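Student: Below are the structure tokens for one structure; questions will follow.
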Amino acid sequence: MTNLTITAKKWDSPLGGGWELWNGDDCWTQVKRLAKARQQVVDYLDTVEENVDHSGWEITIVPEIPGIDEVRRAQEASEAAARAQVEAAARVREAVRALRASGVTTTDAAWLMNVSRARVSQLANS
């Protein structure tokens, strides 16, 4: 698989503007919305290399705008939080199972875990 990094540079015009898609020092094509940038690059490549299937290429679009580093940090933090939530859920299930296996009642396990008795039953059986 081929990896390609494309820089998206914002341009404005009286007709609304959009994004120029650059590969290094070459402006390849333009697109109105960033959401369509990857497909626009694939379409461009398909016109210059008709016999190559570009659909599976790893194409990274990097907008050249102020604040993009903060966007990346926010995305990374969200992804880390999602991973932590999955890990926490697994630990809660393990803790409930351990409590139940040690003979702690559903009511006491619910109090210890700060969840409802019904949730303890769900977690113990999931």
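The values are calculated or read from the model by the stated rules, or taken from the named source; none is laboratory data. Remember, it's a predicted structure, so these values are computed and weren't measured experimentally. Here the Cβ positions follow ideal geometry from the backbone for every residue, glycine too, while neighbour counts run over all protein chains shown. Accessible surface areas use protein heavy atoms only, side chains included; no ligands, DNA or RNA. Shrake-Rupley method; radii C 1.70, N 1.55, O 1.52, S 1.80 Å.
Student: Could you give the dipole magnitude of segment 1-95 about its Cα centre, charging the beta-carbon of Lys and Arg +1 and that of Asp and Glu -1, in debye to the nearest 20?
Tutor: In debye, rounded to 20, segment 1-95 gives about 560.
Student: Determine the per residue accessible area of the chain with all protein chains present and a 1.4 angstrom probe, expressed in square angstrom.
Tutor: Ligands and nucleic acids excluded, the result is 70 Å² per residue.
Student: Determine the share of the chain's accessible area contributed by carbon and sulfur atoms, expressed in whole percent, with a 1.4 angstrom probe.
Tutor: Heavy-atom surface of the chain belonging to carbon and sulfur, 1.4 Å probe: 51 percent.
Student: Okay, moving on. Using a Gaussian network model on the chain with a 10 Å cutoff between Cα atoms, which of ARG72, ARG100, ARG38 fluctuates the most?
Tutor: ARG100
Student: What is the Cα coordinate range of segment 80-126 on the first, second and third principal axes, sorted by size from largest, in whole angstrom?
Tutor: Extents along the principal axes, in whole Å: 34, 18, 16.
Student: Kirkwood hydrodynamic radius (Cα pairs, Å) of the chain?
Tutor: 18.9 Å
Student: While we're looking at this one, here's another question. How much mean residue ellipticity at 222 nm does the chain get from its helices, if each DSSP H run of length 4 or more adds -39500 (n - 2.57) and you divide by all residues, to the nearest 500 deg cm²/dmol?
Tutor: -16000 deg cm²/dmol
Student: Between GLY18, GLY103, GLY67, find the one with the highest GNM mean-square fluctuation for the chain; connect C-alpha pairs within less than 10 Å.
Tutor: Answer for the Gaussian network model of the chain: GLY103.
Student: Let me ask something else. Run the reach check for LYS32 against aspartates and glutamates, Cα to Cα strictly under 12 Å, same-chain hits fewer than 8 apart removed. What comes back?
Tutor: Result set, ordered by chain and number: ASP12, GLU20.
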